[in-house]
Each structure stands twice: as structure tokens, then as C-alpha cells.
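What follows is a single structure, written as C-alpha cells, with notes after it.
The values are calculated or read from the model by the stated rules, or taken from the named source; none is laboratory data. Keep in mind that this is a model prediction, so the values were computed, not measured. Backbone-built Cβ (ideal geometry, glycine too); neighbour counts: all protein chains shown.
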Amino acid sequence: MIEDILLQVHRPAQYLGNEWNAARDKFRSSAISFALGFPDLYEVGMSNLGLRIIYGILNDIPGLACERFFAPEADMEALLRSGKRGLFSLESNQELSSFDLLGFSLGSELNYTNVLNILDLAELPLESALRDHKFPLVIGGGPCSLNPEPMHEFFDLFIIGEAEEAMPELIAVYRKYKEDYKSGKMPKQEFLFEFSRIEGVYAPALYSAEYGSSGELTAFSPKNKTLPLKIKKRVVKDFDSAYFPCDWLVPYVQVVHDRISLEIMRGCPNRCRFCQARSQYYPLRIRSREKVLSLADLAYKNTGYEELSLAGLSVGDYPGLEKLVGDLIRGFKEQAVNLSLPSLKAKTLLGNVSTLIAKIKKTGLTFAPEAGSEKLRQLLAKDFSVEEFTKAVEEAYAAGYQHLKLYFLIGLPKEEEQDLRQIIDFARMASELKRKVNGGAAQVNISINPLIPKPHTPLQWLKMEGMEEVKAKQDFLRSVAKNKRLKLNFHNLEMGFLEGVLSRGDRRLSRVILAAYKKGARFDAWSDHFSFSRWLEAFSEEGIDPQFYLGEKSTDSLLPWDFIDTGVSKEHLLEEFNKCDIS
């Protein structure tokens, strides 16, 4: 009995299901069943907006039951293995192996081993080639699908880009051929081929890759000439009419982002050269103010949440943001609903402090200068005015804010000691600005991450700086930041290294990921679980040098992710790369 298991685990409410607004159990009455999951803990996965959107869309399809699953904690995993019970869904406690399709939202490369652990706990063969018609189809999507090759061996299909419109099309194909496939009449390769006719759907088994003597990718092509050479990313064109889950699920336990997150725009008007999200969500689309207000009102009525967050890559560029925020504040004044905003441009705040700051919950302001020096901000094409920042921060302090958070990158091309010193100088200046208001310096939290030259960005041809070099820069920053008001937070060097390798990798990394998993790797995004030695052993056993993937790449080379068309051409990326004048 599931109740017996829940009595023995930490935070059993994360496995209960049946939350407010959750889909009711219709597994047995539906012709098609879809288990949708996030390969991390419930508290993380339930903070993912994409998962909520697809969950709602699938459950609106007649004759389909969509239920959720997440990565279990260690105690639950031990109980499942000892009791010989497969991992189950939240809504009806059905074992995942009994579903027709399993879908994973892949938000971080450091969750890859969790995918394998979930498949294993579901008692499914890990490799796609070993799963026949008796097993569910395994589908991947999300940001990591911009380079799905490192996980190609484990997934039957990937949806590249935005899945809102692709998912119903995929379900229609499954419905059409399910009987033939599940009875064994239709071979799996033929089944996958039918899905590959859908724009944005990629079946790795139907494509082949070839490598040269030095390890470089020399050819990538479909095995069937009728398949496309490039997979075109799916894009929701009419964003104003796009589905939003107003029946917002309300968890029993606190999750990372425990609030309504309302997407007001998708895409970004800026062209920061390090940012993969621009290619992921290109082109820019705006949700109208009237639609935002309507969705916010409906989501509040369906949940009673006391906080609403406006989401988007660059919310400060939303046209008429001041009016939208004003309307939301007035509309929710009697309900005492707090409004929160993500990182903003300083110019967004100027002149609007009474609306955008003073009336909004004072949880701290976040800015992303990315580099301490103007030289490096120009190299990154980062639109950031120090003058506007200074004015906006002074007004924020005057409105009652006590602290700031700043984001920076290190390991940048042409980066010198003086550029690093300017990070601390910048943060110290931001702290001291508060003295003009009330005589006390502000607390400034500084988040510093190494640059990972990600796929589909103008910097994708760059090498990633080595761990020793990055550590030396971290040590230098600590030495010059001797100020109790400045708190430095550095990304784990080894995690950053692994993320870089997996994000820039090719098909050969599937074997490394499998080897690392077999050694016990899982929850690699959690510092208390991460073991770099396991990964180094896995690379060594598979005869693969991880540094190969972090090195500089020729602009003439074939990249593992070149077969994906994001809408931002490789020629444009190269043009922007050449503007950096890195040589």
C-alpha cells in the first residue's frame, strides 16, 4: 500500500498528489496515458512553469490522462528498491511503466543522471534501443533540448523548442498508430518515423553521426533521406492566445518559487552574446496588458496565492510596464497580494520608483551587470548604464530597500586583473550609495559564475576557461573584497566544469553519463550529493577526455548541435562572434 511507504519517508506530502487544482485520476478511463516529470525533487519541479503549462495542455486533450512524477529522495528510492515496487505517479499512484508515454522536462545538464535513475526506478531499460513496444515511449524537452546529443541514447524522441502546439500533434500521431505499435505489428523505427514528420520532433535513432581521427564531428545526417537535415525549433506564434495554467496547482509543501509565476513576454529584445536563452525563446513575443490582467485575476481566484511574479527574460523591456504594474497593484490592493519582479534594467526603474518599488514587496533588488568593466560589457554586448544604475539604486534605497544582489561572469575573453578588481569596486560603490539616504552602507550579495560558452550563442566557438584559472580569479576576488557588506557567492568549479562539458557535448557522452550513473551519480546539481571523482572515473573508463569539449572550436567545424535550427542563424552568430575581436 502506498500509505505504508509514505509513513516511512521524509516529507511524504511531496508524493501525495491530489493538490488543489491537480487533475483527477482518470488513468483507467483514458485511451492514452502520459506521465510528465521533472528530474529533480518535487520542490524544484513544481516551480517549473513549463511543466505546469504542458500538464494543463495534455489534460485538456480528450481521452488522455496526464499525471506527474519527480525524482524521489534517497529514503524513498531505498524503499522502492527494497520493496520491488516501481516509481509511481502522483495522481493515481500508477507505476510509470504502465503509462504509454513518459515526458521529461530537461532544465539542467546536471539532472541527466536523475533521468536514468527515474527510468531505472520505473523498471525500464535505460537505453532506447532496448525498449520495445511493451514499454512507454520516452520523450525529452526543455532548454537542454537545444543540444540533446549527450542524452541521445536514452530518449526515443525530443521536442525541440516550445511544446505547446507540438504536444497535441504528437498525441494525435500516437493515437493513430497506438494499436498497431502496441500489438507489435508496427516496428519501433517506423513508429518513430511517423513522429519525425512533426515539425520540431527529433528521433535520435533515425540519425547517424561520424567522427574523425582527432575526435571531431565530421558528418551528421538522417538515415532516411525523407527526414529533414535540420530540426526546426517549434515556436508559439500567437503568444497572446497561448495556454496559461490559471488552474495553478497549489502544493501541500513549500516549493522553491511558491507563488503564481505569470509569463508576460517570451523571448528577449537584447542580444547578449553569452546568453543561450535568447536562442531558446527567439523571437520576442509580448502578451498584451489586458490578457495579463485577465490571467492574473483568474489565477488568483483559483488559488488564493498572496504573491504574483511577472516572468520573462527581460521584463524591464515590456512595453508599458509601469502601467501594467500600476494596474496590478490597484487590482490586488484589497487582497494584499504582493507583486515581485525579476532582475530589471536600471533605466526601467528611473522615474517609476513610486509604482515599481515603493508599493512592491521589498525583498531586495537584483541587477546583472555581468562584468565589472565597460570593456568587457561591450564584448558581451551587455546593455548596462552605470549612470542609470546609480540613479535607480539611490531611489531604491530611498524607497526603503536595504540590500542588492548583483550577477557577474568571470573567465571572459580579454579579462585582466583590473577587470576583476572592478567587480568589487562596482559592488562597493553600490553598497556605499545607501549612505546618502540614511548613513549606513547596504548589504550587497555578489553572485559570480564562470562563463560557459553555450551552444547557439555567439561565444559557442570559445574555449571555456580551466578550473585552475577560474579558482585563481575567485581567490583574487576574495582578497580584494574585504568588506563585511559584500558577500561573495561562487558557483562550484567542478559543477561548472561538468555543465560545460555536457552542454557542449556529442553522442559519445551518453556512455559517460551511463557510467557515472552506475557509479552512483545523481542529484549532481546538489552540492551535498555531487561527486566529481565519479565523473572523472566515468570519463576515464570510457576513454573520453572531457577537456576536448571545452576547447576552442574552429568556426568552420561541424558542431554537435548544428542540426537544430533555432531561428537565429549560424551566420548571424558568427557575425556577432567576430565583433568581439577576441584574437
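Quick notes on this one:
- Exactly one residue among Ser531, Ser527 is small (Gly, Ala, Ser), over 30 Å from Ala129 (Cα atoms) and not assigned by TED's automatic domain parsing to the domain that holds Leu404, and that residue is Ser527.
- Within the stretch 537-583, considering residues that are modelled with pLDDT under 95 and in contact with a Pro (Cβ under 7 Å, 6 or more places away or on another chain), the one farthest from Ala277 (Cα to Cα): Ile582
- Residue within the stretch 180-200 that is at pLDDT 95 or above, under 19 Å from the mean Cα position of the chain (by Cα), surrounded by 14 or more Cβ atoms within 10 Å (Cβ to Cβ) and farther than 23 Å from Ala515 by Cα present: yes
- Take the conditions (1) closer than 25 Å to Leu49 by Cβ; (2) out of contact with any strand residue (DSSP E or B) (no Cβ under 7 Å at 6 or more places or on another chain); Val201 misses just one of them, which is (2).
- Hits in the stretch 275-292 - residues which are farther than 10 Å from Ile264 by Cα and surrounded by fewer than 16 Cβ atoms within 10 Å (Cβ to Cβ): Pro283, Glu290
- The residue that is surrounded by the fewest Cβ atoms within 10 Å (Cβ to Cβ), among those in the stretch 14-68 that are at positive phi and polar (S, T, N, Q), is Asn18.
- Filter result for the condition that a residue is within 23 Å of the chain's Cα centre (by Cα), crowded, with 17+ Cβ neighbours inside 10 Å and part of a loop (DSSP other than H, G, I, E, B), over Leu498, Leu502, Leu462: Leu462
- Filtering the stretch 101-131 to residues that are of a type in the set (A, V, I, L, M) and either over 24 Å from the mean Cα position of the chain (by Cα) or not in a helix (DSSP H, G or I) (or both) leaves Leu101, Leu102, Leu106, Ala122, Leu124, Leu126, Ala129, Leu130.
- Condition met for Arg534 (in contact with a helix residue (DSSP H, G or I) (Cβ under 6 Å, 6 or more places away or on another chain), closer than 22 Å to Glu153 by Cα and at pLDDT 95 or above): yes
- Members of the stretch 424-459 found to be under 22 Å from the mean Cα position of the chain (by Cα) and either part of a loop (DSSP other than H, G, I, E, B) or of a type in the set (Val, Ile, Thr) (or both), listed by number: Ile446, Ile448, Leu451, Ile452, Pro453, Lys454, Pro455, His456, Thr457, Pro458, Leu459
- Restricting the stretch 524-559 to residues that are among the acidic types (Asp, Glu) and in a helix (DSSP H, G or I), the residue that is nearest to Phe220 (Cα to Cα): Glu541
- Top-ranked residue of the stretch 203-219 - restricted to ones that are over 26 Å from the mean Cα position of the chain (by Cα), touching a residue at least 24 places away in the same chain (Cβ under 8 Å) and assigned to a strand (DSSP E or B), ranked as surrounded by the fewest Cβ atoms within 10 Å (Cβ to Cβ): Ala219
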